[in-house]
Amino acid sequence: MSNPAVKVENVSVVFNLNKEKVDNVKEYIIKLLTRKLRFTEFRALDNVSFTIEKGERLGVLGFNGAGKSTLLKTVAGVLKPTEGSVEVEGVIAPLLELGAGFDSNYTGKENIFLYGATMGYSRKYIEERYDEIVEFSELGDFINVPIKNYSSGMRARLGFSIATAVEPEVLILDEVLSVGDAKFKAKSEKKVKSMFAKGVTVLFVSHNTPQVRRLCDKAIILDHGKIIAYGEVNEVCDKYDELVKGGKK
Amino acid sequence: MGEKLENLKIVKNSKFLSDFVKYRFLLSEIVRRNIKVQYRDSVLGIFWTLLQPLLTTIVLALVFGGFFGKKADGVSNYVIYLLCGRLLYDFFNQSTKRAMKSVRLSAGVIKKVYVPKYMYPLGNVISCFITFLISLIILVFFIIGYSFTDKAVPITPYMLLTIVPIIVLFLLCLGVGMILATTAVFFKDAEYLYDVFCMLLFYATPIVYVLNSMNMNKYVQLGIMANPLYSIISMFRACILDGQMFNLNHLWYSLAFSIVCIVIGALMFRKKQDKFILHI
């Protein structure tokens, strides 16, 4: 019985490295005329395919620059793959870098609505969850203070509370479980686990193999944009730990 | 391969509508945010939407009134003439500039979460439109104020027809805003160039002077008449100052110009929006 929630098929993402540096007309014209406008191709993802079944929790392991963030961005729909296709079934909640949608002149309360709107929810839907969000974030009276006066921990706590208050079908976690102090960390891990119990599908990126073992049931290792291992979480984590040790030698 | 592309397009089109419905709250939040944040922390707050055109019109009337005001043949009230031009130009100037920067300024969101990106230029044009509508109150004050003097402007039902040039202007701003927003993502220089262009446009639009009373080169005059802002402002003034129906040629020209801008803007934006993330 196959019931995929996320289906990634032959996805490649190619960046033109030089292209990003030319950002003014003068430079562009000069380079065009002198024919120095050569693009070096960089394949951030190279023919990546995998599926995540509904309710499955997939860990994504890999060294820096292996293409993990690119993969998450393509699944979140932010980045379009150069080749291949990504299909996602159901509501997707990206927990990539919390607080990206905040306006610093806005108060916490106003930001809850703005952030919710950015994620595609209606006013009514957010109003229903407003109390829950404020309570979970432990901000209390600070909710009516402009965000620019918040500490980074307070911001992250608010972002986490909003993102998890909704009931997504697919959850993308990008090392967000290291938010706030130890107390909030334990609380947020508990919250994510309670979402697991409801059968949410998870894509989790981390360097921390113990955490991946604890939260996921399957895992992949990315290296230079290619999947080099795919399987049960413990097998893959063992392999990753070996790779890390190998790198240290 | 070609077939696959066709399929993708169909999916995209239906997605456009469902996206708009899903994210309409985002649009209203962007509009609300822009208006709220603009005047936050200032003592007079939203009153600035009235005070600013009032004060700038006074300055313009002082500077140009003596020179152009005397030459303003066929204009019953130079101050209201000035205010009409100033208010409409200001909306165009503000909304297109903000739409232009909107995509770059929301890079934080666009890089992390999927959102329909056109919401940002659209939301900025709408928020400027709302402050523009509020600022029209100052025009009402002026008309009432002058009604007790010998320079009174006739109050006629044609004043209600100003809704037509206002709608055309909104469309023009949206079209130009979309074109600029797309351009600015790839060439940041465009923002500086556009500042200069807007200054030129201020003088290339009969805001402080009256076109017919100037001894202008024929080609310069034609150039000014090709400016859609001229047509729109003329329509607006005909309704307010002269109490008569506007010239329909002005309507067809400016409407056609605005619709062409919107089509070009929408096509450019749609074609390039997937590449935005690589440049902002």
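Taking every Cα-Cα distance in chain A and sorting them into 10 Å bins starting at zero, the pair-distance distribution P(r) comes out as 7, 27, 30, 23, 11, 2, 0 percent.
What size of dipole, in debye to the nearest 20, comes out for chain A about its Cα centre when the only charges are +1 on Lys and Arg C-beta atoms and -1 on Asp and Glu C-beta atoms? Working shown, then result.
Numbers: 36 positive and 34 negative charges, 177 e Å.
It works out to roughly 840 debye.
Each other residue within a Cβ distance under 14 Å of residue B:242 adds +1 if Lys or Arg and -1 if Asp or Glu, for a net charge of +1. Diffusion coefficient of the protein assembly as shown by Stokes-Einstein, Kirkwood radius over Cα pairs, 20 °C, 1.002 mPa s: 81 µm²/s. Largest accessible area first, the residues B:89, B:114 order themselves as B:114, B:89 under a 1.4 Å probe with ligands, DNA and RNA left out.
Of all the C-alpha pairs in the range A:101-166, what % are more than 13 Å from each other? Mind showing how you got there, number by number?
Numbers: 1172 of 2145 pairs.
Tail fraction, whole percent: 55.
Counting only aspartates and glutamates at least 8 places from residue B:112 when in the same chain, those with an alpha carbon closer than 13 Å to its own are A:97, A:174. Per-residue mean of foreign Cβ neighbours for A:118-125 is 6 (Cβ atoms of other chains, 10 Å radius).
Here the label points at residue B:141 and residue A:208, each 7 Å from Cα along the C-beta direction, are separated by 5.9 nm in the simple model. With Cα atoms defining each centre, the range B:208-280 and the range A:140-159 are spaced 45 Å apart in the structure.
For the segment B:39-46, counting C-beta atoms of other chains within 10 Å of every residue's C-beta and taking the mean gives 1. In a simple Cβ point-charge model (Lys, Arg +1; Asp, Glu -1; nothing else charged), the protein assembly as shown has a dipole of about 920 debye relative to its Cα centre.
Its residues counted as N, the range B:41-279 yields a C-alpha radius of gyration over 2.2 N^0.38 Å of 1.07. Pick from A:131, A:103, A:223: which residue has the top mean-square fluctuation in a GNM of chain A where Cα pairs under 10 Å get a spring? Evaluated over chain A, the most mobile residue of the options is A:131.
If you place +1 on the Cβ of every Lys and Arg, -1 on the Cβ of every Asp and Glu, and leave all else neutral, what size is the dipole of chain B about its Cα centre, to the nearest 20 Debye? Present the calculation step by step, with values, prior to reporting the outcome.
Values: 28 positive and 13 negative charges, 216 e Å.
For this selection, approximately 1040 debye.
The values are calculated or read from the model by the stated rules, or taken from the named source; none is laboratory data. Please read these numbers as outputs of a predicted model, since none were measured by experiment. Cβ: placed from backbone, ideal geometry, glycine included. Neighbour counts: every protein chain shown. The area values use the complete protein model at the heavy-atom level, side chains included, leaving out ligands, DNA and RNA. Shrake-Rupley method; radii C 1.70, N 1.55, O 1.52, S 1.80 Å.
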